[in-house]
Amino acid sequence: MRSILLDSFQKKIIITGTGRCGSAFLHKMLTNCGLDLGKHEKRHGVNGGILNFGWNSQIHDDGIIRNTEQYIQVGLIREPLGCISSQATGSKGQGPMMHSTEYFKAKVAAGKDPLHKGMLYYYYVNNFLYELYKNNKIDSIFKIEDSKDRDKLSDLLELFAKAGLRVSVDTFIERSKEIGTNYNTRKHKNYSWDDLHKKDTILTNKIQRLSQKLNYKIK
């Protein structure tokens, strides 16, 4: 395992996204490839960490962690309908939990119900990540769906090489097949765009415009 990594003076990785964006899968994959990323959603390791946006108390206007020069910063995103559906119909049906961060906490709490809160959470967090990336304040935005796209995955792994990761695209994809994903193990309801429009048309239009900026197709 040690041979995969370079010396400890390399940069660290910090990845942040909404809940249910695929961070648990990416944490398993990068850990399997030799990075010490601490406990998922809880704490950093030697090589950085993957923290749910709500758990990341270090978020600020210039990035998703302080001491930004020490970190490769990545915003992790997932297509809107799947992500919002999973958030809104979580294991306790309570919608997204914001945990420790104060960013957007009041805005999300003002939602009418779990679905509305999930919509607000998705929009505010991903728009924040998009604006950071657009203004060159974070290094990348990565779509979890691109984990199987060789070109996009190659770009991400090349970026992570600055933190000492040494793994080929082929190896990463093979290991991802072995690990698999936890997609909809909770059997949540899948909401449609019509459902979102019925809940809040203005907000849904904002989510759709943002999704297009993030290169998601609106079906």
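Exactly one residue out of N215, N126, N136 is farther than 30 Å from N32 by Cβ and either under 20 Å from the mean Cα position of the chain (by Cα) or not in a helix (DSSP H, G or I) (or both), and it is N136. Return only the number of the condition from (1) modelled with pLDDT of 90 or more; (2) among the hydrophobic types (A, V, I, L, M, F, W, C); (3) within 18 Å of V169 (Cα to Cα) that I15 does not satisfy. All conditions are met except number (3). Of note, E145 does not satisfy the criterion of being surrounded by fewer than 12 Cβ atoms within 10 Å (Cβ to Cβ) and outside any loop (DSSP other than H, G, I, E, B). In segment 157-168, the qualifying residues are those that are under 14 Å from V74 (Cα atoms) and crowded, with 19+ Cβ neighbours inside 10 Å, and the one that is farthest from the chain's Cα centre (by Cα) is A163. Kindly establish whether K199 is loosely packed, with under 13 Cβ neighbours inside 10 Å, closer than 30 Å to E102 by Cα, modelled with pLDDT of 95 or more and of a type in the set (K, R). For K199, the condition - loosely packed, with under 13 Cβ neighbours inside 10 Å, closer than 30 Å to E102 by Cα, modelled with pLDDT of 95 or more and of a type in the set (K, R) - is not met. Of the residues contained in segment 42-57, none is found to be touching a Cys at 6+ places or on another chain (Cβ under 7 Å) and closer than 19 Å to Y123 by Cα. Picking from residues in segment 45-80 that are in a loop (DSSP other than H, G, I, E, B) and of a type in the set (S, T, N, Q), the one that is modelled with the highest pLDDT is N47. Restricting the first member to segment 132-144 and to residues that are over 17 Å from N215 (Cβ atoms), and the second to residues that are open to solvent by 20 Å² or more (accessible area, probe 1.4 Å) and outside any helix (DSSP H, G or I), the beta-carbon pairs closer than 8 Å and six or more apart or on different chains are K137/D62. Does L132 satisfy being closer than 27 Å to K206 by Cα, open to solvent by less than 30 Å² (accessible area, probe 1.4 Å) and at pLDDT 95 or above? Spelling it out, L132 is indeed closer than 27 Å to K206 by Cα, open to solvent by less than 30 Å² (accessible area, probe 1.4 Å) and at pLDDT 95 or above.
The values are calculated or read from the model by the stated rules, or taken from the named source; none is laboratory data. Fair warning: this is a prediction, and the values are worked out from it, not measured in the lab. Neighbour counts are summed over all protein chains in view; Cβ atoms, including those assigned to glycine, are modelled from backbone coordinates with ideal geometry. Heavy atoms of the whole protein, side chains included, go into the accessibility calculation; ligands, DNA and RNA do not. Shrake-Rupley method; radii C 1.70, N 1.55, O 1.52, S 1.80 Å.
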